[in-house]
Amino acid sequence: MTRQPADGPFRVLGLEPRADLTDDEVHAAWRRAASATHPDREDGGDPERFADAAAAYTALRTRFGRGEVLADLQAGPMVATGRGGRPVQALPAGRHLWARVRQGRPARLALRILIAVAAAAAAMFAAGPHPAAPALVTGVATWLVLTARHDLAPPDRR
């Protein structure tokens, strides 16, 4: 579990939670927060706030990341706790995932899954009972997980 700021990442960096924020706006907000709170400052900075700002920047630095954070903010209250008792967002219900699949590129996602299944089957056939077979299947599954998100619609921004 990664460190999450107590406030929303947008608030930590002093930004309005908007979908149209640019990478440059987020980077400029990060630079302001980092220069004001960095522990190497002469006055010692504020390591806790710096860590919160770093975590917020990590979450918001890409357009995809900002979309995910906006979706989490709109999903409702935090319902679980992570390490240290910090609140974390529960995973979205299956219907949210199904809506993202339907509104995305379902044909490409289905083709990607078929390719992954075929590649895993070919790897298992080629490797046979060798101990490398599970590693090959894991590699195919990793490829699928890392590339399938591009075929999902962005999170619902109601």
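Please treat every number below as a calculation from the coordinates, not as lab data. It should be emphasised that the depicted structure is a prediction, and the values quoted were computed from it without experimental measurement. Here the Cβ positions follow ideal geometry from the backbone for every residue, glycine too, while neighbour counts run over all protein chains shown.
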Between Arg61 and Ala127, what FRET efficiency comes out of the Förster formula 1/(1 + (r/R0)^6) with R0 = 35 Å and r the beta carbon distance, rounded to 0.05? 0.35
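Taking the Cβ of each residue in Phe64, Phe10, Phe125, Phe50 as the centre, tally the other Cβ atoms inside 10 Å and list the residues starting with the fewest.
Numbers: Phe64 12, Phe10 22, Phe125 9, Phe50 19.
Listed from fewest to most nearby Cβ atoms, that is Phe125, Phe64, Phe50, Phe10.
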